[in-house]
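The block underneath contains the structure these notes are about, expressed in structure tokens.
The values are calculated or read from the model by the stated rules, or taken from the named source; none is laboratory data. Quantities reported herein were computed from a predicted structural model and do not represent experimental measurements. Heads up, the Cβs are rebuilt from the backbone with ideal geometry, glycines too, and the neighbour counts pull from every protein chain shown.
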Amino acid sequence: MIPIQTSRLTKHYGSFPALVDLDLEVQPGEVFGFLGPNGAGKSTTIRLLMGELNPTAGSATVLGAAPRGVAHRSRLGYLPADLALWPAMTGRDTLKFFANLRGGVDWTYVDALAQRLDATLDKRVGELSSGNRQKVGLIATFMHKPDLLILDEPNAGLDPLVQHEFWAMMREVADDGRTVFLSSHTLSEVERVADRVGIIRKGHLITVEQVSALRRKKMRRVELDVDGRLEPSSLNGLAGVRDLEILPDRVTLDFDGDMAELLSAVTSAVTLRDLHTQEADLEDIFLTYYQDQA
Ligand SMILES: Nc1ncnc2c1ncn2[C@@H]1O[C@H](COP(=O)(O)OP(=O)(O)OP(=O)(O)O)[C@@H](O)[C@H]1O
């Protein structure tokens with residue numbers, strides 16, 4: 001069964017088109033990253049998939065059923081962007097509440113998740129930091145081993161160590177043949193964990209790519225400190241150079257070619273003293289590769 005399938009799924013808020021003609025298929029056993037800047041339509045899509053919103057046009061099926069169907073809720077794990085928990089309940093009582101709704105869970109697994117995320121379950125949720133509250137939400141989403149996890153910007157507030165553990169948890173779900181749909185506005189997160197990425201902007205799905213393909217498109221801003229002045233001709237024939245600027249003792253460029261070839265071309269012409277590279281952000285990738293579609 002295809003975990004998520006949408007056909008021309010569209011949502012207008014009044015006359016504002018927040019999502020337009022979304023055609024999407026998410027396969028079993030994959031982590032699918034849904035990537036886009038703020039306001040792109042990610043939460044709108046997720047709320048349509050969860051049946052929290054009705055589409056203006058088009059349709060979606062989630063685990064083979066219409067989003068409003070409640071029968072398959074226990075096979076879903078949903079982490080909304082604006083997770084609201086009961087402040088007076090402890091983390092453990094919160095999890096017990098959700099576990100009862102789902103007909104029970106394996107508490108050894110819950111405790112293992114809590115340990116991995118370094119979660120605090122014995123404090124009242126209202127007394128937790130937002131990151132620690134998010135951990136309770138994550139455990140509630142994973143603990144019943146759902147067939148499909150839908151996570152709306154789940155990384156909010158997690159520190160780097162916990163983030164790594166959380167990425168590993170998502171990979172394990174996929175390795176288990178289950179499915180993760182993850183929204184994010186950071187390329188680096190999605191790229192680490194997802195198999196495929198759908199890029200959405202201004203309500204339109206611009207592309208769906210394998211992460212490996214997206215990585216090949218990844219541009220870097222490169223700054224080289226060199227001795228003397230590089231002759232532009234030294235970089236002739238080198239693919240992937242944009243916005244080259246050559247100053248005395250300094251070369252800057254945007255680059256999506258082979259880094260080994262760039263370094264070899266530079267060092268055979270001048271002495272390299274230092275090197276800085278910075279990943280291009282999502283907006284640069286949009287502008288460079290997807291401008292026409294957008
Ligand atoms: N209830 C609403 N009424 C009117 N406009 C809305 C409503 N909800 C969202 N929008 C608008 O729809 C667009 C898409 O919003 P959405 O929350 O889906 O984006 P998003 O990709 O999840 O963004 P973010 O990363 O900031 O959460 C935005 O322009 C937003 O202002």
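Say whether the condition of being farther than 22 Å from residue 199 by Cβ and over 22 Å from the mean Cα position of the chain (by Cα) is met by at least one residue in segment 34-51.
no
Taking residues in segment 128-155 that are under 15 Å from residue 110 (Cβ atoms) and away from the ligand (no atom under 16 Å from the Cβ), and partners anywhere that are assigned to a strand (DSSP E or B) and of a type in the set (Gly, Ala, Ser), the pairs with Cβ atoms closer than 9 Å and at least 6 places apart or on different chains are 140/77; 141/77; 142/77; 143/77; 144/77; 145/77; 146/77. Any residue at all in segment 234-241 that's of a type in the set (Ser, Thr, Tyr) and either within 30 Å of residue 6 (Cβ to Cβ) or touching a residue at least 60 places away in the same chain (Cβ under 8 Å) (or both)? No; the residues of segment 234-241 include none that is of a type in the set (Ser, Thr, Tyr) and either within 30 Å of residue 6 (Cβ to Cβ) or touching a residue at least 60 places away in the same chain (Cβ under 8 Å) (or both).
The set of residues in segment 42-93 being more than 19 Å from residue 182 (Cβ to Cβ) and among the aromatic types (Phe, Trp, Tyr) consists of 86 alone.
Close contacts from segment 157-186, counting a first residue that is under 24 Å from residue 201 (Cβ atoms) and a second that is acidic (Asp, Glu) and within 16 Å of the ligand (Cβ to nearest atom), with Cβ to Cβ under 9 Å and a gap of 6+ residues or different chains, come to 182/152; 182/153; 182/189; 183/152; 183/153; 184/153; 185/153; 186/281. Every listed requirement among (1) surrounded by fewer than 18 Cβ atoms within 10 Å (Cβ to Cβ); (2) away from the ligand (no atom under 16 Å from the Cβ) is met by residue 222 save one, (1). Scanning segment 14-48 for residues that are surrounded by fewer than 18 Cβ atoms within 10 Å (Cβ to Cβ), within 8 Å of the ligand (Cβ to nearest atom) and part of a strand (DSSP E or B) returns a single hit, 16.
If the requirement is being in contact with an Asp or Glu (Cβ under 7 Å, 6 or more places away or on another chain) and farther than 16 Å from residue 199 by Cβ, which of these qualifies: 101, 79? After applying the criteria, what remains is 79. Considering segment 142-216, the qualifying helices (runs of 4 or more DSSP H), each wholly inside and each with 3 or more residues that are within 17 Å of residue 4 (Cβ to Cβ) and modelled with pLDDT of 90 or more, run over 160-175. Does segment 107-115 contain any residue that is among the acidic types (Asp, Glu) and touching a strand residue (DSSP E or B) at 6+ places or on another chain (Cβ under 8 Å)? The answer is no; no qualifying residue exists.
For segment 209-246, a residue qualifies if it is more than 30 Å from residue 33 (Cα to Cα) and either of a type in the set (S, T, N, Q) or outside the structural domain of residue 278 (by TED's automatic domain parsing) (or both), and the qualifying residues are 233, 234, 236.
Apart from one condition, residue 18 fits all of (1) free of Cβ contacts under 8 Å to residues at least 60 places away in the same chain; (2) over 24 Å from residue 195 (Cα atoms); the exception is (1). Among the residues of this structure, residue 98 does not count as one that is in contact (Cβ under 8 Å) with a residue 60 or more places away in the chain and of a type in the set (Phe, Trp, Tyr). The conditions of being more than 12 Å from the ligand (Cβ to nearest atom), buried (at least 23 other Cβ atoms within 10 Å of the Cβ) and either over 28 Å from residue 175 (Cα atoms) or in contact (Cβ under 8 Å) with a residue 12 or more places away in the chain (or both) are not met by residue 51.
Only residues that are part of a helix (DSSP H, G or I), among the aliphatic types (A, V, I, L, M) and under 11 Å from residue 136 (Cβ atoms): list them for segment 86-109, please. Once the filter is applied, which keeps residues that are part of a helix (DSSP H, G or I), among the aliphatic types (A, V, I, L, M) and under 11 Å from residue 136 (Cβ atoms), segment 86-109 yields only 95. Looking only at segment 1-20, residues that are out of contact with any Leu (no Cβ under 7 Å at 6 or more places or on another chain) and hydroxyl-bearing (Ser, Thr, Tyr) come to 3 in all.
Every condition in (1) under 20 Å from the mean Cα position of the chain (by Cα); (2) of a type in the set (A, V, I, L, M, F, W, C); (3) closer than 29 Å to residue 212 by Cα; (4) within 16 Å of the ligand (Cβ to nearest atom) is met by residue 60 except one, and the failing one is (1).
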